[in-house]
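Peer 1: One structure, pasted below without further comment.
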Amino acid sequence: MPTPHRTARQVFIFATVITALTVMMGGLVCATESGLACPTWPTCHGSQIMPGAHLPGWIEFSHRLVSGLCLFSLILAAMIQFRREERDPWLRWLPVGAVAGAIAAAILGMSIVLWGISPAFAAFDLMCSLLALCAITFATVGFLRGHFRWRWTRASSFGMVALGSLLVMHALGVLVAGKESFTRCLGWPVFALIEHDKWAGLQAARWVAAIVVIVALGVMVLAAPRLRGLLAGLFGLIIVELALGAVLMGAGPLWLRGIYSIIAGAIVALTAYASVEAGLDKRRDANPEELDEIAL
Ligand code: HEM
């Protein structure tokens, strides 16, 4: 069945959006303590496939369903690049990296439900899912540009510093979290020591990582005028996130914690997008296949 280039574009854009949604929903599952609301896998309650009239069950089960769509679309994006014999190694292998990260996140997600996992594995799980999101975002912008010519400018360098610091900040959150602490879920640090969390030094390291993200994005605003609209939106989200953090102080109503984690996920998605937008040569290579059919 022939597939026009336009459909390939739609597959890439859909894969990026659904992966971002899966990450944000994962944060919602964690923040609303819905992780074990469906105690079996792949069904929710043994022979009962769907959750009953139980919101936490629906939050967790929806995360599974959306993650299934995420995996399917990522695999499709990777297949498209192999079928069209993409010569650029980044455009060829980034979708594969996204598939690997999402499969690892799914296996670890399933393990959380069935057996529970250690903080180290939970941090690895989170990194796999966030790196899957970064990889498909980079791959999609490259696919739409028809190349992956990266230019290390001030904007792209600080973009990668911001993205790297963001991943470190989130990984540290899982590691420093005390027992049952909300800190393990996607979210920005509150600039105060949380008593029921561990390792004050690492808690402080998270503050430093958060400040590096803010400063690096600030430099991007100055260095990349064409991204100012996107970056203004990103700063808006960061201000809301920090304000919510100050209100929550590591506790608070589940719905508000849910919003807090969703915003943190959106900040990762937009930072990845801003970084690759700044890094890739903005000239678009006309894609010879645009008029050709891509045989899947
Ligand atoms: C069948 C597949 C999956 C299952 C059963 C599953 C299950 C879970 C569970 C139970 C949690 C809550 C963990 C907690 O409370 O600490 C969670 C969180 C999460 N999941 Fe999934 N997941 C799946 C697939 C995925 C995929 C494919 C991704 C990303 C591409 C993903 C990304 C996340 C993220 C980002 C979190 C939040 C972790 C945090 O806030 O620290 N999950 N998942």
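Peer 1: What's the number of the condition LYS179 fails, among (1) modelled with pLDDT of 95 or more; (2) assigned to a loop (DSSP other than H, G, I, E, B)?
Peer 2: (1)
Peer 1: Same structure again: Among the residues of region 145-164, are any within 15 Å of the ligand (Cβ to nearest atom) and at pLDDT 95 or above?
Peer 2: From region 145-164, those within 15 Å of the ligand (Cβ to nearest atom) are none; that's our starting set.
No - not one qualifying residue is present in region 145-164.
Peer 1: Another question, then. Here is a list: GLU289, GLU277. Which entry is open to solvent by 10 Å² or more (accessible area, probe 1.4 Å) and at pLDDT below 95?
Peer 2: Details: GLU277 fails: at pLDDT below 95.
Answer to the selection: GLU289.
Peer 1: Same structure again: Within region 72-85, is there a residue that is out of contact with any Pro (no Cβ under 8 Å at 6 or more places or on another chain) and under 30 Å from LEU175 (Cβ atoms)?
Peer 2: no
Peer 1: Let me ask another. Looking at ARG228, ARG206, can you tell me which residue is of a type in the set (Lys, Arg) and under 30 Å from PRO56 (Cβ atoms)? Talk me through it step by step, then tell me what you get.
Peer 2: Working: ARG228 fails: under 30 Å from PRO56 (Cβ atoms).
Matching residue, one of ARG228, ARG206: ARG206.
Peer 1: A follow-up question, please. If you go through region 214-257, how many residues are closer than 24 Å to VAL29 by Cα and either at pLDDT below 95 or open to solvent by 40 Å² or more (accessible area, probe 1.4 Å) (or both)?
Peer 2: Qualifying residue count, region 214-257: 19.
Peer 1: So which residues in region 117-144 are of a type in the set (Gly, Ala, Ser), within 18 Å of the chain's Cα centre (by Cα) and within 12 Å of the ligand (Cβ to nearest atom), if there are any at all?
Peer 2: Listed by number, the residues that qualify are ALA122, ALA123, SER129, ALA132, ALA135.
Peer 1: While we're here: Restricting attention to region 145-164, does a residue exist that is charged (D, E, K, R) and part of a loop (DSSP other than H, G, I, E, B)? First the steps, then the outcome.
Peer 2: So in region 145-164, the residues charged (D, E, K, R) come out as 145, 149, 151, 154.
Filter once more, so that each one left must be part of a loop (DSSP other than H, G, I, E, B): 149, 151.
The answer is yes, given that some residue of region 145-164 is charged (D, E, K, R) and part of a loop (DSSP other than H, G, I, E, B).
Peer 1: Something else now. Restricting attention to region 180-200, and to residues there that are open to solvent by 60 Å² or more (accessible area, probe 1.4 Å) and away from the ligand (no atom under 12 Å from the Cβ), which single residue is nearest to ILE238 (Cα to Cα)?
Peer 2: Quick first cut of region 180-200, residues open to solvent by 60 Å² or more (accessible area, probe 1.4 Å) only: 180, 184, 191, 193, 195-196, 198-199.
Pick out the ones that are also away from the ligand (no atom under 12 Å from the Cβ) and you get 191, 193, 195-196, 198-199.
Details: PHE191: 14, LEU193: 20, GLU195: 24, HIS196: 25, LYS198: 25, TRP199: 25 Å.
That would be PHE191.
Peer 1: A further question follows. Over 27 Å from ALA223 (Cβ atoms) and open to solvent by 60 Å² or more (accessible area, probe 1.4 Å) - does that describe any residue in region 124-147? Spell out the reasoning first.
Peer 2: So the first thing to find is which residues in region 124-147 are over 27 Å from ALA223 (Cβ atoms), and the list is 124-129, 132.
Within this subset, residues satisfying the condition of being open to solvent by 60 Å² or more (accessible area, probe 1.4 Å) are 124.
Yes: region 124-147 contains one or more residues that are over 27 Å from ALA223 (Cβ atoms) and open to solvent by 60 Å² or more (accessible area, probe 1.4 Å).
Peer 1: In region 148-162, what residues are under 28 Å from LYS198 (Cα atoms) and open to solvent by 10 Å² or more (accessible area, probe 1.4 Å)? Step through it out loud before you land on a result.
Peer 2: So the first thing to find is which residues in region 148-162 are under 28 Å from LYS198 (Cα atoms), and the list is 161-162.
Across region 148-162, the qualifying residue is only VAL161.
Peer 1: Scan (1) open to solvent by less than 40 Å² (accessible area, probe 1.4 Å); (2) free of Cβ contacts under 8 Å to residues at least 60 places away in the same chain; (3) not aliphatic (A, V, I, L, M) for the single condition GLY109 breaks and write down its number.
Peer 2: Failing condition for GLY109: (2).
Peer 1: Restricting to region 203-213, what's the tally of residues that are exposed (fewer than 15 other Cβ atoms within 10 Å of the Cβ) and aromatic (Phe, Trp, Tyr)?
Peer 2: So the answer is 0.
Peer 1: So, one more: What are the pairs with Cβ atoms under 9 angstrom where one residue, in region 198-215, is part of a helix (DSSP H, G or I) and the other, located anywhere, is among the acidic types (Asp, Glu)? Sequence gap at least six, or different chains.
Peer 2: Close Cβ pairs satisfying both conditions: GLN203/ASP197.
The values are calculated or read from the model by the stated rules, or taken from the named source; none is laboratory data. Quick caveat, the model's predicted, so the values are computed rather than measured. All Cβ positions, glycine included, derive from the backbone under ideal geometry; neighbour counts span all protein chains shown. What goes into the accessible areas is simple: the full protein's heavy atoms, side chains included, and nothing from ligands, DNA or RNA. Shrake-Rupley method; radii C 1.70, N 1.55, O 1.52, S 1.80 Å.
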